[in-house]
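Below is one structure, written out as structure tokens, with a few remarks after it.
The values are calculated or read from the model by the stated rules, or taken from the named source; none is laboratory data. If you're wondering where the values come from, they're calculated on a predicted model, not measured in any experiment. Methodologically, a virtual Cβ is constructed for each residue, glycine included, from the backbone with ideal geometry; neighbour enumeration extends over all protein chains shown. Keep in mind that these areas ignore ligands, DNA and RNA; they rest on the heavy atoms of the full protein, side chains included. Shrake-Rupley method; radii C 1.70, N 1.55, O 1.52, S 1.80 Å.
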Amino acid sequence: MSLLDNLALGLSVVANVESLLALAGGICIGVFAGAIPGMSATMAVALTLPFTFSMPPIIGILLLLGVYKGGIFGGSIPAILIKTPGTPASSATTLDGYPLAAKGEAGRALSMALYASCTADVISNLALILFAGFLASFALNFGPPEFFTLILFSLTIIAGVSGDSLIKGIFSALLGLLFATIGLDLVYGTNRFTFGDPNLMGGLNFIAVLIGLFAIPEILTMARDPRPRDGETRALGRKGVSFAEYRKSFRTIVRGSFIGVFLGSIPGIGAAPAAFLSYSEARRKSPNKANFGKGEIEGVAASEAGNNGVAGATLIPLLALGVPGDVITAIIIGAFMVHGLQPGPMMFVMNVDIIYGMFMGLIVSSVILLAVGSAAIRAFRYVADIPRGILFPAVLVLCVYGGYAVNNSIFDVGVMFAMGWLGYLMLIYGVPAAPFLIAFILGPLLENNFRQSMLMSGGDATILARGPITWFFWGLTIITIVAILRAGLKGRGAAPIEEVRAGAQDETTVRRDAQDTKS
């Protein structure tokens, strides 16, 4: 059968009320769960999984995929409105989303997040349908050396999210790398920085660190000075972005979508690194790069395109190879196996109707996400009207719930508050939190792939440049570092020039005042 015949077969499978209700219900559940800080898309899919066991296979799988899609977008809502990412994938969205909300332009940020998410979702789904075989075979060429060079290149994102001080950004990243080493060494199983506490053997819980870094410092700042700041507002402003603004950001959205597709097709990378890499590339290529981190709508588009581009692509290794692309698709495998389906190449032979039913369901889900997301923005916008004295205690309750619910652990709540105080100190001294988070996410991946490479080669470092893929990422890393250094030198050279110009202007003003006085 041709591709068009298979797609027609898939459409006949999902063109019924039950399938559409499963998709719509899943997206609603995902958006709601994603909008609760700490209630990640992973947790929402895991909680929904048992309800699919008694459903027909395609209905249960579409429900889980709907939760997945909705959860990724839903995390952007609190990230923009209250600077608390609902999911780890939305961490990059806070960098420009919250500053826009603080200017009274939350409506623009939320609308751009929705349109970028839906556009990236469509691109990711089309890539899954058209290029699943090719991308899956390419991903098979990635071993530990290739992963190491990819992650090393990804760490150059830190320069793009360090704000005005690269030194402070590097310090924050080094601190994140240090905290990422806490727990058992995954290669030899030795304890590192556990201080005899078994709770630390598994490392610091990522959700607790995430909430602590981004949400608790805002609450502590409000507690220190509960009075509203002059001019601070999170009103929606005008309700959405114009078509001209969307068209201006379209290239960034497409670029971020393909970054998400590429990283999503590689098992184990995830949506958060894709969002930060997309954001970094958007900043590097934008003529408004100085405005990134201060409320640039293109930054919101880039981060949301990056994390939503991953969603469809993570199914590529799952369906083509039987290997889950991330934690969520690892959970979704449970739904396949309960119904006697074995993900992998044979599914394209034995269960063509299920495969292409999923493909058509994913296409339909993009339309449903647009409708549900628009309604969610209108519903959650009232967060902006809640008085600070009520909003922040409510956010604190949600933070404690989010920190506890992941592992049902009071220890994680303690980690959250400890990271909150650390984040507050970083905020006071102007040390950016984003580099810490990026390094904390990528640090274990960098270390493990480096050590596996060394074990494979018997300690020969040349394995890290063993083929075209590693050469490509080494080249990108070197080019990026050189560009960062050149930009830094230009910035240093420009500062004295501006001071001379300012001094000359002041001197001219003094002379004019003196002449006016004489006259």
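The residues of segment 248-278 that are within 25 Å of PRO317 (Cα to Cα), part of a helix (DSSP H, G or I) and among the hydroxyl-bearing types (Ser, Thr, Tyr), listed by number, are SER257, SER278.
Among the residues making up segment 388-446, those that are of a type in the set (Phe, Trp, Tyr) and closer than 30 Å to LEU150 by Cα are PHE436, PHE440.
Every residue, every condition in (1) modelled with pLDDT of 70 or more; (2) open to solvent by 30 Å² or more (accessible area, probe 1.4 Å); (3) part of a helix (DSSP H, G or I); (4) over 26 Å from LEU23 (Cβ atoms), yes or no:
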position	(1), (2), (3), (4)
SER366	yes, no, yes, no
LEU369	yes, no, yes, no
SER374	yes, yes, yes, no
ALA384	no, no, yes, yes
PHE392	yes, no, yes, yes
GLY403	yes, no, yes, yes
ASN407	yes, yes, no, yes
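Number of residues in segment 162-191 that are within 28 Å of GLN452 (Cβ to Cβ), modelled with pLDDT under 75 and buried (at least 17 other Cβ atoms within 10 Å of the Cβ) equals 0.
When the residues of segment 81-100 are filtered to those that are at pLDDT 85 or above and more than 18 Å from GLY423 (Cβ to Cβ), the one that is surrounded by the most Cβ atoms within 10 Å (Cβ to Cβ) is ASP96. Looking at this structure, is ALA461 more than 23 Å from the chain's Cα centre (by Cα), surrounded by fewer than 12 Cβ atoms within 10 Å (Cβ to Cβ) and at pLDDT 85 or above? Yes: the conditions hold for ALA461. For segment 115-133, which positions are surrounded by 24 or more Cβ atoms within 10 Å (Cβ to Cβ) and among the aliphatic types (A, V, I, L, M)? Correct list: ALA116, ALA120, LEU128.
Somewhere in segment 293-301, is a residue aliphatic (A, V, I, L, M), within 20 Å of ALA439 (Cβ to Cβ) and under 12 Å from the mean Cα position of the chain (by Cα)?
no
Just to be sure I understand, how many residues within segment 267-284 are surrounded by 24 or more Cβ atoms within 10 Å (Cβ to Cβ), in contact with a Phe, Trp or Tyr (Cβ under 9 Å, 6 or more places away or on another chain) and farther than 17 Å from ASP96 by Cβ? Result for segment 267-284: 1. Of the residues PHE440, PHE450, the single one that is open to solvent by 30 Å² or more (accessible area, probe 1.4 Å), of a type outside the set (D, E, K, R) and in contact (Cβ under 8 Å) with a residue 60 or more places away in the chain is PHE450.
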